[in-house]
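Below is one structure, written out as structure tokens; comments come after it.
Each reported figure results from applying straightforward, stated rules to the coordinates on display, with no laboratory input. Not measured: the values here are computed from a predicted model. All Cβ positions, even for glycine, are placed from backbone atoms using ideal geometry, and neighbour counts span all protein chains on display.
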Amino acid sequence: MNADETIMPAPPQDPVTEPWWQATRERRLLLQHCASCERVQYPPRSVCTACVATELGWQEAAGIGEIDAWTVVRRSPGPGFDPPYVLARVRLAEGPVLLTTLPGSGPYRCGQPVALTWRPLSDGRRLPVFAPLE
Ligand SMILES: [Zn+2]
């Protein structure tokens, strides 16, 4: 079984991240939008990291981006991880960077276009993962 088929343990959620997690059940990737300074941020936080405003809304990401950095993980960090797998930073078209995975074991190149797919968790939520567009 490879990492793409492994059912991972479900990460915890809290009042700040709960709307984000609920959207993953519908395969929607949400980003926070600051009403005060217009910054778009990820991951979800209780304040804007640019201006510390607390009035944050949600917007749906287009689901496309490019590889910012990637590496092959060869040792399991814990249950539910089945190396080797590719850990990557993906810069979304909206600007924020996600830590995610890519299929297989590469090679990939920085700047390579990728598109959002989803990986199921044991409780119905999903993790955003990406695959090459080309
Ligand atoms: Zn702000």
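Sorting Val129, Val73 from the fewest to the most surrounding beta carbons within 10 angstrom yields Val73, Val129.
Couplings for region 55-63, taken from phi via the Karplus curve 6.51 cos²θ - 1.76 cosθ + 1.60 with θ = phi - 60°, read 8, 10, x, 10, 9, 8, 6, 5, x Hz in order; Gly and Pro are left as x. Residues whose amide H comes within less than 5 Å of that of Val129, counting only those at least five positions distant or on another chain, are Thr117, Trp118, Arg119 (H built at 1.01 Å from N in the peptide plane). For Ala50 and Ala93, a Förster radius of 22 Å and the Cβ-Cβ distance give a FRET efficiency of 0.70, rounded to the nearest 0.05.
Here r is the Cβ-Cβ distance between Glu18 and Phe81 and R0 is 30 Å; the resulting FRET efficiency, rounded to 0.05, is 0.75. A Gaussian network model of the chain, with springs between Cα atoms under 10 Å, assigns the largest mean-square fluctuation among Arg91, Arg27, Arg109 to Arg109.
Derived scalar couplings between HN and Hα for region 115-129 equal 10, 6, 10, 10, 10, x, 9, 5, 10, x, 6, 9, 9, x, 10 Hz in order, rounded to whole Hz, by the Karplus curve 6.51 cos²θ - 1.76 cosθ + 1.60 (θ = phi - 60°), x for Gly and Pro. From its DSSP helices (H runs of at least four residues, each -39,500 (n - 2.57)), the chain gives a residue-normalised ellipticity at 222 nm of -1500 deg cm²/dmol. Amide H contacts under 5 Å for Ala10: Ser122, restricted to partners 5 or more places along the chain or on a different chain, H placed in the peptide plane at 1.01 Å from N.
Other residues with beta-carbon under 10 Å from the beta-carbon of Ala50 carry, at +1 per Lys or Arg and -1 per Asp or Glu, a net charge of 0. Taking amide H as placed 1.01 Å from N in the peptide plane, Ala61 has its amide H under 5 Å from the amide H of Leu29, Leu30, Leu31, each at least 5 places away in sequence or on another chain.
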